1. Could you list, in sequence order, all residues of the stretch 390-418 that are in contact (Cβ under 8 Å) with a residue 40 or more places away in the chain and polar (S, T, N, Q)?
2. Under the condition of being surrounded by 24 or more Cβ atoms within 10 Å (Cβ to Cβ) and of a type outside the set (S, T, N, Q), which residue from the stretch 148-159 is farthest from Ser444 (Cα to Cα)?
3. Does the stretch 442-459 contain any residue that is within 30 Å of Asn232 (Cβ to Cβ), in a helix (DSSP H, G or I), out of contact with any Phe, Trp or Tyr (no Cβ under 6 Å at 6 or more places or on another chain) and of a type outside the set (A, V, I, L, M, F, W, C)?
4. Does any residue in the stretch 431-452 that is not assigned by TED's automatic domain parsing to the domain that holds Val300 come within less than 9 Å, Cβ to Cβ, of a residue that is at pLDDT below 95 six or more places away or on a different chain, and which pairs are these?
5. In the stretch 374-396, how many residues are exposed (fewer than 15 other Cβ atoms within 10 Å of the Cβ) and in a loop (DSSP other than H, G, I, E, B)?
6. Does Ile34 fit the bill of being modelled with pLDDT of 80 or more and either surrounded by fewer than 24 Cβ atoms within 10 Å (Cβ to Cβ) or not assigned by TED's automatic domain parsing to the domain that holds Gly155 (or both)?
7. Taking Leu323 and the conditions (1) surrounded by fewer than 20 Cβ atoms within 10 Å (Cβ to Cβ); (2) within 19 Å of the chain's Cα centre (by Cα); (3) over 27 Å from Leu519 (Cα atoms), which numbered condition does it fall short on, given that it satisfies the others?
8. Which of the following residues is modelled with pLDDT of 85 or more and more than 22 Å from Leu326 (Cα to Cα): Leu512, Leu519?
Amino acid sequence: MADTEEAPLARGDMRLVIGASAVGTIFEWYDFFIYGTLAASGIIGRAFFPAGNETVQTLLAWAGFAVGFGFRPLGAVLFGFLGDRLGRKYTFLVTITVMGVATAGVGLVPPVATIGLAAPAIILLLRIAQGLALGGEYGGAAVYVAEHSPPGRSGYYTSFIQAGVAGGFILSLAVVLAVKALCPDAVWEAWAWRLPFVFSLALLAVSLWMRLKLSESPVFAALRKAGETVRNPFIESFRYPGNWKRLFVAMIGIAAGLTVIWYTATFSVLSFAEHAMRLDETTAQLVTGTGVLAGLFWFVLFGRLSDRIGRKKPIVIGYAVTLVALFPLFWIIGDAANPGLAEAARRAPVVVSGTDCHYSPFAKQQTGACGQMLDYFSKKGIAYTTVRAPATVVTIGGVTVEDPTPAHLDAALAANGYQLGKVVPGPRGIIVMLLAIVALSALSGATYGPVAALLAEMFPPHIRYSSMSIPYHIGCGYFGGFLPFISQYVVARTGNPYAGLWYTWVIVAIALVVTMFGLTETAPIAKRRRR
């Protein structure tokens, strides 16, 4: 198999390769994440998804978020084919162009109140375009940097691509906060929230300018010169000896596990703080963004560490620690974010009793009296438990609410210390939240930092773009992309603000088993030491 015999790049050229690839990754993920950032605040649901209540709007907005992820595997197939046939550089030039145009388009779509159901239809089409583009972007950037990296440095250099994903989330929060700071609240709610989407055109121009300076990957150039590119990389990915096992491990053991940790540490934290803990929206965005920013170094640290100890070890350890620490870290965040609400839930728990306590988050009107009570508490973000009983009864702190109308329930909750308005934690609470988010970022960094190098090393060069992109985007797209929707649905159904974390826990447990027993170490230095 042909490989490059060219001398290593000069330091300045290597910086350009890493910088252009990482900056493009930041911008590409900014485009994809800006939707999720505004979906968490409820603006996307109110603007584009008609519904009878806020819970349904939020779920529909997260469903739109998931649609983009659902099309990532198709983008991986399409652009992976082009990347292995035509080259790495020009393929990810196309992906970032498609992403930038589609993102700007979201900001220009009229609201549902103006054009009716055409609004959500257009939004979903644009999310599909974003998903297709993202399916080709990550593989292209990761392979491009890995194939430029000198021996023993691939984990370190590609870790900046991994950090770029987190950078896209941080940039989306920063731009939203900047626009909000410059606009009155009424202007923000009316139309200024669209500006972060349109801003993607400026990011697209910068990214294209940087990436046009790059040359083709030396590994692909050598393959093309030797005539060893394959006619159909997609089919060859499934025919290549031993690749079925590698594809399965990459999809379930690597992509699914790392992505649910990553989205839990970002969007789940943001949504949990804003809705379940009732934090002021701006405060929640600031704290979450600052915590993720402070945790960026974990991605580079574990990527660099993987060059010394191997790719497998930090991922396995990160999964194992996640299973132990996930719930405690969220308990810490909840207690620090709104200690009054957390204490009230412990001291005066809400119990709803009835014969038919069935609750459907998508129903415009709940059928039974018990379901209507659950609907009330779910919309308020108040945790509750249900008990089967002959009659519908609501108790708060063991005391029955005699007239369970919304006004009387509000009064009873307030009397028991439940804070129904938006809150801003004190300095101590903010510091504790930040430390917990940084700890979650460490778990994400351990499992995500080494992955670009790992995936590039798992597959042969002539089918590398396709073979790493397809399982990665299936794992990320379906297991990670649907996480916000599934976890919010579980929370709405159970009344437990922490119940959605079980989805993350189960996927990580499965990924841990697959990785421990299915992943073969790929780092060259680690393999030599093991011998």
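1. Thr392, Thr395, Asn416, listed by residue number.
2. His148
3. For the stretch 442-459, residues within 30 Å of Asn232 (Cβ to Cβ), in a helix (DSSP H, G or I), out of contact with any Phe, Trp or Tyr (no Cβ under 6 Å at 6 or more places or on another chain) and of a type outside the set (A, V, I, L, M, F, W, C): present.
4. Short answer, once both residue conditions are applied: none.
5. The number of residues fulfilling the criteria is 3.
6. Details: modelled with pLDDT of 80 or more: yes; either surrounded by fewer than 24 Cβ atoms within 10 Å (Cβ to Cβ) or not assigned by TED's automatic domain parsing to the domain that holds Gly155 (or both): no.
The answer is no for Ile34.
7. Of everything listed in (1) surrounded by fewer than 20 Cβ atoms within 10 Å (Cβ to Cβ); (2) within 19 Å of the chain's Cα centre (by Cα); (3) over 27 Å from Leu519 (Cα atoms), Leu323 misses just condition (3).
8. The unique qualifying residue is Leu519.
The values are calculated or read from the model by the stated rules, or taken from the named source; none is laboratory data. Quantities reported herein were computed from a predicted structural model and do not represent experimental measurements. Backbone-built Cβ (ideal geometry, glycine too); neighbour counts: all protein chains shown.
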